[in-house]
Structures are given as C-alpha cells and as structure tokens.
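What follows is one structure encoded as structure tokens, with my remarks underneath.
The values are calculated or read from the model by the stated rules, or taken from the named source; none is laboratory data. Remember, it's a predicted structure, so these values are computed and weren't measured experimentally. Cβ placement follows ideal geometry from the backbone for every residue including glycine, while neighbour counts extend to all protein chains displayed.
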Amino acid sequence: MSDKAIVVKDLCIDYRNLSNMSIHQSLQMGKTIKKADVVRAVKGVSFDVQKGEILGIIGRNGSGKSTLLKAIAGIFQPDSGTIDTHGQVSLMSIGVGFKQEITGRENIMISGMLLGFSPEYAKEKMDEIIEFSELGDFIDRPVRTYSSGMYSKLTFAITAVLETDILLVDEVLSVGDERFQKKSFSKMQEMILDANRTVVIVSHALNTLRELCDRVLWLHDGEIRKIGPTNEILDEYVDFMGS
C-alpha cells in the first residue's frame, strides 16, 4: 500500500433529480410529490494510482469523469465504495472552491488553508501566485467581478504554486489566451517532473495526454471500459469515437 497514492475500490456515486413540481404546486393539484429519480454517475469503479504516476482520464461528456475526480478530491461523498488517498490533495478545476464576495487575495489564503497549509506558507507563496495569475489590481477585487478567464487563471495559479502531493486536473490546461496556455503547460510539465507528485488529469486534449501521461483510464457510462498504456488506450478511444 505504501507505493500507492490513490486507491479507489467499488466506487458508486448517485445523482438525485427532484421533480420540477414544487411542494406548493403539488398540494394545490392534489398530487403527491414524486420520489427523486436516482441516476448512477459512477458505477463500481476500482483502480489504483502509484505514487509519482500521471494518470489520464478520458470519456465522452457525461461519462462520469469530473464526478470521479471530485470524489477523489473529497468534494463528492461516495454512495458506496471507498477512496483512500495518501498525501495532500488539490483539485485544479474551474468553478470549484472560491468564495464569490471576497477578493482573489483572500481566496488564495482560504484555498491554502483548505489544502492543509499554514497561513504563513500561504502568505509566503502569495506574491508568486499573484504574479503567475497575471491578475494585477484585480487580485484585490471580489471574485464575482472576474471574467471566466481571470477565474481560470487564479485557479491554475493557486494549484500550480502550492505544492501538494496529489494533483487533480479537470480540463484547465487550455485556460486563458494562447500565451498563458503555453505558460500553464510549461508549469504543468515542471510539476510533473517531480517524481514524488502524483497527477490525475481529466481532459479531451488527447495530444496533451499522450505527452504527459503514463497510463490512461477510459470511462464509459460511469464504468471503466479499459485502463492501460497511454497510446494503446487513446488509439482505441479515437477509433471508438470515430466509428
């Protein structure tokens, strides 16, 4: 177990879709409220990720990729099954984790503490994060005033600069303009060169996965269709999607 950073076993995650009809409407019409429909997004998934490994996750939209990643990050609780992680875990994902009414600077502090770092460490890394994000004076404005591109840049900068043991990346390698994308990709390569860091990447950018990943996990309708060497799995996936 000591050489494994992530162990996922028999993982199941359900979504519950409530009826569109409100309680008030139901009472007025004399109808009973429907029980929530349960949709199983992740179905009995099991796999391990070795320490220092870079694992890519692919699959069509709706296959459960982001749900799986958020479960590993601790944002979603499994309905059944287990997830064991060994080390600090950070999720690089657009739209996750920021408090909208406070500034980017304040969000950096909160993000650092949520990741398990001391306030002193977050302050030590503050200038580096701000410089990487390229937000300038906007860093002291409420996050709700940010464009999606600015939000993405701050997300990437925080996770890239604060050095966690396990890095989860959800479709953020193409954030910002072309120049920022190149800088982000270069930073990601630098992070991955650290043999002690474990990385799991969800992406539709297959060329990026070919360049970065040791193995690829293919999710299909919430289940593992196949897991194995990067080029082998990606070639099969391309053939599948083209058929």
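Structural remarks
- Test: residue in region 170-186 that is among the hydrophobic types (A, V, I, L, M, F, W, C), under 20 Å from the mean Cα position of the chain (by Cα), outside any loop (DSSP other than H, G, I, E, B) and closer than 30 Å to ARG60 by Cα: yes
- Applying the criterion of at least 2 residues that are over 18 Å from the mean Cα position of the chain (by Cα), modelled with pLDDT of 85 or more and farther than 18 Å from THR159 by Cβ to the strands (runs of 3 or more DSSP E) found wholly in region 1-104 leaves 4-17, 37-50, 80-85.
- Filter pass, GLU232 being charged (D, E, K, R) and surrounded by 13 or more Cβ atoms within 10 Å (Cβ to Cβ): no
- Restricting attention to region 140-171 and to residues that are buried (at least 21 other Cβ atoms within 10 Å of the Cβ), in contact with a strand residue (DSSP E or B) (Cβ under 6 Å, 6 or more places away or on another chain) and under 22 Å from ASP127 (Cβ atoms), the residue that is modelled with the lowest pLDDT turns out to be THR159.
- Only residues that are assigned to a helix (DSSP H, G or I), in contact with a Leu (Cβ under 7 Å, 6 or more places away or on another chain) and farther than 25 Å from MET150 by Cβ were counted across region 193-215, and they come to 3.
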